[in-house]
Amino acid sequence: MPPAADPHPPILQARKLCKVYGSGEAAVHALRDVDLDVARGEFVVLLGASGSGKSTLLNILGGLDRPSSGTLSFAGQPLTGVGEDALTTYRREHVGFVFQFYNLIPSLTVAENVALVTDIARDPMPVDEAIALVALSPRRNHFPSQLSGGEQQRVAIARAIAKRPELLLCDEPTGALDYATGKLVLEVIARINAELGTTALVITHNAAISGMADRVVRVADGRIDRIERPERRLTPAELAW
């Protein structure tokens, strides 16, 4: 008798992912046989030193890059071996990205920057709702130059979540911020994860941030070194570094 189907299959499932840049003696193995399942609604921290492969992994999970070999699926649908149009649709409809640098358009206001993604989303969140979720309603008509670094990063998060993505992928979202401001940004990401049920993956080299995760995936030399599950998820306010 075949085993019963998993009632809660992973939203992301990676098997034997490899990524090689170049060839021959100059080849760089950025990922080596990575297996990873990510549950829907989970908060995962990818922790590792610079050059460990964590950004390469995040880019492949988000459909920004392709693996050299291995398989990846989202909600049971394959992402490896599909065409560019399918990857574009995946990114547009299911994934929100937040990077270390905010990538806001200087000539647009907060509301206008957030509204950019609502034009291409199937079921977008009202712009003002997304701005309220990151606690920036009083700044909706300000330009990026009138905002602090932390406020600009929160605009970037609002823009990412305005299309209601199932996945929020964050690459060093506090890397350019000071301690106090970084905590405010982490609080916003935690709130999105808790209140909207958005699956969140956060890359960091800061081990202290791992305390707020459901699971911590430690990456070294292109491999998953180990996976840890904290006894209790800390709030960003409880983190110290």
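The values are calculated or read from the model by the stated rules, or taken from the named source; none is laboratory data. Predicted model, so just to flag it, every value in this text is computed and none were measured. Neighbour counts run over all protein chains shown; Cβ positions are idealised from the backbone, glycine included.
Being acidic (Asp, Glu) and either part of a helix (DSSP H, G or I) or over 20 Å from GLU129 (Cα atoms) (or both) is the filter here, so list the residues in segment 154-174 that pass it.
Matches in segment 154-174: ASP171, GLU172.
Name, by its number, the condition in (1) under 26 Å from ASP65 (Cα atoms); (2) modelled with pLDDT of 90 or more; (3) more than 16 Å from the chain's Cα centre (by Cα) that does not hold for GLY211.
Evaluating GLY211 over (1) under 26 Å from ASP65 (Cα atoms); (2) modelled with pLDDT of 90 or more; (3) more than 16 Å from the chain's Cα centre (by Cα) leaves (1) as the failure.
With the structure loaded, tell me whether ALA190 is within 13 Å of the chain's Cα centre (by Cα), among the hydrophobic types (A, V, I, L, M, F, W, C) and crowded, with 21+ Cβ neighbours inside 10 Å or whether it fails that test. Walk me through how you get there before you give the answer.
Working: within 13 Å of the chain's Cα centre (by Cα): yes; among the hydrophobic types (A, V, I, L, M, F, W, C): yes; crowded, with 21+ Cβ neighbours inside 10 Å: no.
Criteria not met by ALA190.
Taking the condition of being touching a helix residue (DSSP H, G or I) at 6+ places or on another chain (Cβ under 6 Å) and modelled with pLDDT under 90, how many residues in segment 83-116 meet it?
1
Any residue at all in segment 217-236 that's more than 16 Å from PHE99 (Cβ to Cβ) and among the polar types (S, T, N, Q)?
Among the residues of segment 217-236, at least one is more than 16 Å from PHE99 (Cβ to Cβ) and among the polar types (S, T, N, Q), which makes the answer yes.
Spot the failing condition for GLU151; the list is (1) closer than 28 Å to LEU61 by Cβ; (2) outside any loop (DSSP other than H, G, I, E, B); (3) in contact with a Lys or Arg (Cβ under 6 Å, 6 or more places away or on another chain), and only one is missed.
(3)
Taking THR198 as meeting all but one of (1) under 29 Å from THR88 (Cβ atoms); (2) surrounded by fewer than 18 Cβ atoms within 10 Å (Cβ to Cβ); (3) hydroxyl-bearing (Ser, Thr, Tyr), write down the number of the exception.
(2)
Do you know which residues across segment 6-28 are more than 19 Å from GLY197 (Cα to Cα) and at pLDDT 95 or above?
ALA14, ARG15, LYS16, LEU17, CYS18, LYS19, VAL20
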